[in-house]
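Asker: I have a structure I would like to understand better, so I am pasting it below and will then ask my questions one at a time.
The values are calculated or read from the model by the stated rules, or taken from the named source; none is laboratory data. From a predicted model like this one, the values you see are computed outputs, not experimental measurements. Don't worry about glycine lacking a Cβ; one is built from the backbone with ideal geometry, like all the others, and counts go over all protein chains shown. Heads up: the accessible areas ignore ligands, DNA and RNA and are worked out on the full protein's heavy atoms, side chains in. Shrake-Rupley method; radii C 1.70, N 1.55, O 1.52, S 1.80 Å.
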Amino acid sequence: MPILKVTDLKVYFNVRKKFFWSKNNADTVKAVDGISLDLNEGETIGIVGESGCGKSTLGRAILNLIKPTDGQVLWMGKNLANLEKNEMRNLRKDLQIIFQDPLASLNPRMTVGQIITEPLKTFFPNLSKAERRERVEEIMLKVGLSPHQINRYPHEFSGGQCQRIGIARSMILQPKLLVCDEPVSALDVSIQAQILNLLMDLQKETNISLIFISHDLGVVRHISHKIAVLYLGRVAEIAENEDLYKNPKHPYTQALISAVPIPDPDLEQKKQRMIIKGDLPSPLNPPSGCRFRTRCPKAQEICAEVIPVLEQISPTHIVACHFWREP
Amino acid sequence: MPNSKTLNTKRDFDVIIKGRSLWADAGHRLMRNKMAVVGMSILGFIILLSVIAPYLQMISPDLFPFTFDEVDWDNISTDPSFENHHYFGTDGNGRDLFIRTLYGGRISIMVGFVATLVSLVIGVTYGATAGFLGGKTDSFMMRFVDVLYSLPFMFFVIILMVFFGRNIFLIFIALGAVEWLDMARIVRGQTLSIKKKEFVEAAHAQGVSTYNILKRHIIPNTLGPVAVYITLTIPRVIMIESFLSFLGLGVQEPMASWGVLISEGSPEIETAWWRLIFPAIFLAFSLFSLNFIGDGIRDALDPKDR
């Protein structure tokens with residue numbers, strides 16, 4: 001029984017045109033268009049896709065920070081969209097998020113201690129000051145910050161340390177789900193590895209589930225149990241980690257994986273690269289049928305007419321392509 | 001991971017930093033700013049003198065024998081001197097300029113602070129509400145501000161005076177009611193940019209209530225520009241009050257503000273220089289001090305920007 005079940009989630013944004021006299025003044029961006037996912041306890045799902053494919057919107061819609069237009073997010077059997085304000089607020093204890101820009105996600109006027117304490121103040125107002133401080137110091141040690149930095153301000157820290165503060169703030173309530181919205185893409189590579197390992201250690205310790213959003217396949221491979229590849233608001237392919245890398249079925253996944261550099265010059269030279277042409281089409285006016293068809297090397301007439309459904313090709317592997325059987 | 005060495009420094013840090021709140025921290029930084037401290041001392045001294053002005057005669061009738069509206073028939077328009085106890089000289093009616101300058105300070109400083117406080121309260125509330133609610137409410141509230149901007153201020157004040165008679169409190173209200181427009185715009189703009197920041201979204205995600213988001217995250221982050229703007233508003237309000245007094249709409253004889261004293265003194269500069277110089281020095285020093293204090297407050301509240 002998965003703890004999180006996302007069914008046919010849709011998030012549409014209305015974009016108004018600039019001039020009020022133009023006739024149809026509401027265009028719709030389908031940022032997330034019918035995505036379904038399952039997530040088990042203690043599991044990590046990696047979500048990859050290029051800029052503008054709806055990764056972050058999906059993460060925020062799952063946490064109900066953006067109201068979904070349609071579809072369901074079932075958290076332990078409860079539909080988040082139907083919850084009362086107070087119930088939702090209580091559930092926030094279990095559902096946390098860390099952000100891409102570590103410094104921007106911390107209030108510049110609060111000390112590290114105040115930032116990490118805030119969730120405690122919200123959910124456990126009865127804790128004494130000493131108890132709060134004890135728990136803050138404990139979590140700071142756990143994420144690799146020394147407690148004597150408790151009265152420093154965020155701008156006095158490096159990006160990696162700020163991300164640790166963000167993680168400490170999210171983890172202090174011992175949540176069950178953590179959405180990581182590109183948590184390492186603003187950091188340099190050595191720090192990325194530290195943060196990823198920290199997240200994996202925390203997961204081992206607390207059995208938390210992670211939704212790890214990234215555009216970096218290497219990073220996602222390192223941390224995820226299963227991976228969902230998105231393209232223009234739809235799922236292209238979902239598979240177990242190794243399965244996806246060894247046996248990608250969707251042409252888009254194949255192209256992405258062939259673009260990951262191999263840290264060995266000889267192998268890198270020999271590697272066959274599959275290059276996709278063109279840019280991501282405008283989400284205001286997506287292609288008919290399969291959304292990837294405008295850039296797909298395998299595209300044929302049927303792709304423009306019929307939307308490919310997600311086909312189960314093994315118990316843990318689904319793909320949305322008319323031609324997944326062809327090599 | 002901490003070894004025994006960092007644990008030792010932890011104890012040291014505890015001793016030094018313990019219990020210092022954000023505002024206390026800002027206070028410490030403000031106290032380290034020399035110009036701000038000089039400004040606060042000068043302004044504090046001027047305010048102190050103004051506050052005790054009515055009691056000077058009580059404290060020492062020998063040194064300060066005059067009240068602000070008493071005519072000394074033997075000394076009309078005399079220079080500053082210690083022998084006749086007119087330290088700043090007298091005006092054309094033989095009134096002691098030292099006491100009158102201090103009384104002028106009472107009026108000018110009070111107008112400056114009270115009118116600014118009025119504008120601060122209205123402006124911050126209005127601006128933060130408009131910015132935070134956004135959408136149509138925001139447009140509506142800000143168009144209302146635009147309408148008020150377009151009303152000619154002088155007519156507004158004159159009409160108030162004609163209807164309600166001359167009254168010092170009316171001046172506070174009139175000035176405050178006009179000055180809050182800028183404050184509301186500044187706070188709204190700040191709120192708009194801050195509510196989109198990720199730390200506000202993080203607070204939403206953490207289940208922090210709307211009230212606490214406004215209180216802990218949004219308003220403290222608007223205070224930097226507001227503090228600077230306050231220190232610009234106080235001098236401007238003092239100036240506007242002087243102008244109103246000059247038109248005969250402000251403080252009336254025998255009371256005086258610095259503006260009144262300066263405007264009375266300026267035609268006499270060739271014959272009685274002291275009538276312009278002393279109130280002008282007091283006004284200029286106050287305004288300078290306010291500017292330095294404002295600068296210091298901004299630096300203290302915004303440790304990042306230094």
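Asker: Filter the helices (runs of 4 or more DSSP H) completely within region B:100-219 down to those with at least 3 residues that are open to solvent by 70 Å² or more (accessible area, probe 1.4 Å).
Answerer: In region B:100-219, the matching helices (runs of 4 or more DSSP H) lie at B:135-150, B:153-164, B:168-195.
Asker: Can you tell me how many residues in region B:229-242 are over 10 Å from the mean Cα position of the chain (by Cα) and surrounded by fewer than 20 Cβ atoms within 10 Å (Cβ to Cβ)?
Answerer: At the first step, the residues of region B:229-242 found to be over 10 Å from the mean Cα position of the chain (by Cα) are B:239-242.
Those left that are additionally surrounded by fewer than 20 Cβ atoms within 10 Å (Cβ to Cβ): B:239.
Total satisfying the criteria: 1.
Asker: Considering only residues that are farther than 21 Å from residue B:177 by Cβ and aliphatic (A, V, I, L, M), which ones fall in region B:101-151?
Answerer: The answer is B:102, B:133.
Asker: Continuing with this model, one more query. Looking at (1) under 18 Å from the mean Cα position of the chain (by Cα); (2) of a type in the set (S, T, N, Q); (3) open to solvent by less than 40 Å² (accessible area, probe 1.4 Å), can you tell me which one residue A:72 breaks?
Answerer: Here residue A:72 clears every test but (3).
Asker: Can you pull out every residue in region B:253-306 that is more than 30 Å from residue B:29 (Cα to Cα), touching a residue at least 12 places away in the same chain (Cβ under 8 Å) and not in a helix (DSSP H, G or I)?
Answerer: B:254, B:255, B:256, B:257, B:271, B:272
Asker: A further question on this structure: What number of residues within region A:40-93 are part of a helix (DSSP H, G or I), more than 14 Å from chain B (Cβ to nearest Cβ) and among the β-branched types (Val, Ile, Thr)?
Answerer: Residues flagged as part of a helix (DSSP H, G or I), more than 14 Å from chain B (Cβ to nearest Cβ) and among the β-branched types (Val, Ile, Thr) within region A:40-93 amount to 0.
Asker: Another one. When only residues in region A:223-245 that are at pLDDT 90 or above and part of a loop (DSSP other than H, G, I, E, B) count, which is surrounded by the most Cβ atoms within 10 Å (Cβ to Cβ)?
Answerer: Of everything passing the filter in region A:223-245, A:224 is surrounded by the most Cβ atoms within 10 Å (Cβ to Cβ).
Asker: Something else: Might you check whether a residue that is in a loop (DSSP other than H, G, I, E, B), open to solvent by less than 50 Å² (accessible area, probe 1.4 Å), more than 23 Å from residue B:113 (Cα to Cα) and among the β-branched types (Val, Ile, Thr) occurs anywhere in region B:59-67? Give the derivation first.
Answerer: The initial filter retains those residues of region B:59-67 that are in a loop (DSSP other than H, G, I, E, B), namely B:60-67.
Adding the requirement that they be open to solvent by less than 50 Å² (accessible area, probe 1.4 Å) leaves B:60, B:64-67.
From what is left, the residues that are more than 23 Å from residue B:113 (Cα to Cα) are B:60, B:64-67.
Retained after the next criterion (residues that are among the β-branched types (Val, Ile, Thr)): B:67.
Checked against the condition, which is being in a loop (DSSP other than H, G, I, E, B), open to solvent by less than 50 Å² (accessible area, probe 1.4 Å), more than 23 Å from residue B:113 (Cα to Cα) and among the β-branched types (Val, Ile, Thr), region B:59-67 yields at least one hit.
Asker: Does residue A:325 satisfy the condition of being among the basic types (Lys, Arg), farther than 23 Å from residue A:50 by Cα and either free of Cβ contacts under 8 Å to residues at least 60 places away in the same chain or buried (at least 17 other Cβ atoms within 10 Å of the Cβ) (or both)?
Answerer: Answer is yes for this residue.
Asker: Taking the criterion of being modelled with pLDDT under 80, out of contact with any helix residue (DSSP H, G or I) (no Cβ under 9 Å at 6 or more places or on another chain) and open to solvent by less than 60 Å² (accessible area, probe 1.4 Å), would at least one residue in region B:80-88 satisfy it?
Answerer: So far as region B:80-88 goes, yes, one or more of its residues are modelled with pLDDT under 80, out of contact with any helix residue (DSSP H, G or I) (no Cβ under 9 Å at 6 or more places or on another chain) and open to solvent by less than 60 Å² (accessible area, probe 1.4 Å).
Asker: Residue B:193 - would you say it is over 25 Å from residue B:140 (Cβ atoms) and without any contact (Cβ under 8 Å) to a residue 60 or more places away in the chain? Step through it out loud before you land on a result.
Answerer: Details: over 25 Å from residue B:140 (Cβ atoms): no; without any contact (Cβ under 8 Å) to a residue 60 or more places away in the chain: yes.
When the stated conditions are applied, residue B:193 does not pass them.
Asker: Considering region A:269-322 alone, what residues qualify as being of a type in the set (A, V, I, L, M, F, W, C) and either surrounded by fewer than 13 Cβ atoms within 10 Å (Cβ to Cβ) or touching a Leu at 6+ places or on another chain (Cβ under 6 Å) (or both)?
Answerer: If the condition is that a residue be of a type in the set (A, V, I, L, M, F, W, C) and either surrounded by fewer than 13 Cβ atoms within 10 Å (Cβ to Cβ) or touching a Leu at 6+ places or on another chain (Cβ under 6 Å) (or both), then A:275, A:284, A:306, A:309, A:318, A:320 are the ones that fit.
Asker: Here's another thing I want to ask about it. Among the listed residues B:251, B:226, identify the single one that is more than 14 Å from chain A (Cβ to nearest Cβ) and open to solvent by less than 40 Å² (accessible area, probe 1.4 Å).
Answerer: B:251
Asker: Assuming residue B:76 fulfils every condition listed in (1) within 18 Å of residue B:112 (Cα to Cα); (2) exposed (fewer than 15 other Cβ atoms within 10 Å of the Cβ) apart from one, which condition is it?
Answerer: Against the list (1) within 18 Å of residue B:112 (Cα to Cα); (2) exposed (fewer than 15 other Cβ atoms within 10 Å of the Cβ), residue B:76 comes up short only on (1).
Asker: Also, I was wondering about something else. When you go through (1) open to solvent by 40 Å² or more (accessible area, probe 1.4 Å); (2) within 19 Å of the chain's Cα centre (by Cα) one by one for residue A:177, which number turns out not to apply?
Answerer: Looking at each condition in turn, residue A:177 falls short on (1).
Asker: Do we find that residue A:191 is in a helix (DSSP H, G or I), β-branched (Val, Ile, Thr) and at pLDDT 90 or above in this structure?
Answerer: no
Asker: Say we look at region A:90-100 and pick out the residues that are free of Cβ contacts under 8 Å to residues at least 60 places away in the same chain and buried (at least 17 other Cβ atoms within 10 Å of the Cβ); which of these is nearest to the chain's Cα centre (by Cα)? Please lay out each step first, then the result.
Answerer: We begin by selecting, within region A:90-100, every residue free of Cβ contacts under 8 Å to residues at least 60 places away in the same chain; these are A:90-92.
Okay, now just the ones that are also buried (at least 17 other Cβ atoms within 10 Å of the Cβ), so A:91-92.
Details: A:91: 19, A:92: 17 Å.
The extreme case among them is A:92.
Asker: Could you go through region B:143-152 and let me know if any residue there is without any contact (Cβ under 8 Å) to a residue 24 or more places away in the chain, hydroxyl-bearing (Ser, Thr, Tyr) and within 18 Å of residue B:225 (Cβ to Cβ).
Answerer: Step one: of region B:143-152, the residues without any contact (Cβ under 8 Å) to a residue 24 or more places away in the chain are B:143-144, B:146-147, B:150-152.
With hydroxyl-bearing (Ser, Thr, Tyr) added as a condition, the list becomes B:150.
When the remaining residues are screened for being within 18 Å of residue B:225 (Cβ to Cβ), the result is none.
Within region B:143-152, not a single residue is without any contact (Cβ under 8 Å) to a residue 24 or more places away in the chain, hydroxyl-bearing (Ser, Thr, Tyr) and within 18 Å of residue B:225 (Cβ to Cβ).
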